[in-house]
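Engineer: There's a structure below that I have some questions on.
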Amino acid sequence: MTHTPHGADAAADLHADAPTGAGSDPAQESESYTHGHHESVLRSHRWRTAENSAGFLLPHLRAGMSVLDVGCGPATVTVDLADRVADGRVVGVDASEAVLASARELAAQRGTANITFQHANAYELPFADGTFDVVYAHQLLQHLSDPVAALREMKRVARPGGLVAVRDADYAAMTWYPESPGLTEWNTLYHEVTHAYGFEADAGRRLFAWVQDAGFDLDGIVPSASTWCYATPADRAWWGGLWAERCVASNFAVQAKESALADDVALEQLAQDWLRWAEEPAGWFAVLNGEVLARA
């Protein structure tokens, strides 16, 4: 891996005035999304369902509820939530118009009538105070430079007594077998890149603290955790393959090079390390996700 002695600081200085940089204008935060919207990223997003990504919230959903999904992406979870609230109303918002087009296509294919989509960013939600029974955000806060401000905005648009439900991965808590120096180097680089751009890769463990900082009453907060696990041959091929692509073709690769933390040769090596891990008959990878339900 090619590193500069002060890569993170250099990147912060380089991008200080750009919407992709640390300390950027929150209204343009979407432009700094570390993963970007490469097909390898969207492929993982489309795998997500309410069952595997919102299980902590599902017992609290009822027919007729209004739900906001902040950072809905291609909306595979969003349409599941719409099914769960039956005659209720679900709105998905995202900062990418291209992804919203994909979300609308999915809703049309599924015949989901109680769902709409809008372009928005998490800091300036275009809704009145107390609009929604539930506000949900999945794998969003780790990509924001001010997650507490975003949580305050989610609290604002939730009705009094309503729920804000957030779930984020924790990269330092990810674990795998067999030991792989390449995957260890990938994890280190991911932390360095996100730090250079002002984001928190280990968001999962911080959600409980962030919701308290955002002004939620401690008595109304329920923290929890759950995991994704990739160990079958098919799951390993899928997970290892998409991360191999991300290492060389996604916005993660762009930011790693822009911040002088890696070059093309190093990123290609990481891609090959991911593919080698995927071929291991005993290969196993677990992603820890922090979760919080908070009463507004």
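The values are calculated or read from the model by the stated rules, or taken from the named source; none is laboratory data. Since we're looking at a predicted model, the values are computed, not measured. Cβ coordinates were reconstructed from backbone atoms using ideal geometry, including for glycine residues, and neighbour counts include every protein chain displayed. For the accessible areas, the whole protein counts, side chains as well, though only heavy atoms, and no ligand, DNA or RNA atoms are used. Shrake-Rupley method; radii C 1.70, N 1.55, O 1.52, S 1.80 Å.
Engineer: Please work out if G55 is touching a strand residue (DSSP E or B) at 6+ places or on another chain (Cβ under 9 Å) and at pLDDT 95 or above.
Structural biologist: Yes, satisfied.
Engineer: If we keep just the residues of the range 279-292 that are under 30 Å from R206 (Cα atoms) and among the hydrophobic types (A, V, I, L, M, F, W, C), which is surrounded by the fewest Cβ atoms within 10 Å (Cβ to Cβ)?
Structural biologist: A286
Engineer: Filter the range 115-130 down to residues that are closer than 18 Å to A75 by Cβ, open to solvent by 30 Å² or more (accessible area, probe 1.4 Å) and small (G, A, S), then give me how many there are.
Structural biologist: 0
Engineer: Moving on. Give the residues of the range 206-223 that are part of a loop (DSSP other than H, G, I, E, B) and either among the aliphatic types (A, V, I, L, M) or open to solvent by 40 Å² or more (accessible area, probe 1.4 Å) (or both), sorted by residue number.
Structural biologist: Across the range 206-223, the qualifying residues are A214, G215, D217.
Engineer: Determine whether the range 256-266 contains at least one residue that is open to solvent by 10 Å² or more (accessible area, probe 1.4 Å) and among the polar types (S, T, N, Q).
Structural biologist: no
Engineer: Could you list, in sequence order, all residues of the range 97-114 that are surrounded by fewer than 13 Cβ atoms within 10 Å (Cβ to Cβ) and closer than 13 Å to L81 by Cα?
Structural biologist: The answer is A113, and nothing else.
Engineer: Does V148 satisfy the condition of being open to solvent by 10 Å² or more (accessible area, probe 1.4 Å), at negative phi and of a type in the set (V, I, T)?
Structural biologist: yes
Engineer: Moving on. Being under 30 Å from E279 (Cβ atoms) and within 15 Å of the chain's Cα centre (by Cα): is that true of Y171 here?
Structural biologist: For Y171, the condition - under 30 Å from E279 (Cβ atoms) and within 15 Å of the chain's Cα centre (by Cα) - is met.
Engineer: Hey, another quick one. Quick check on this structure: which one of S180, S226 is in contact with a strand residue (DSSP E or B) (Cβ under 8 Å, 6 or more places away or on another chain), surrounded by fewer than 19 Cβ atoms within 10 Å (Cβ to Cβ) and among the polar types (S, T, N, Q)?
Structural biologist: Answer to the check: S226.
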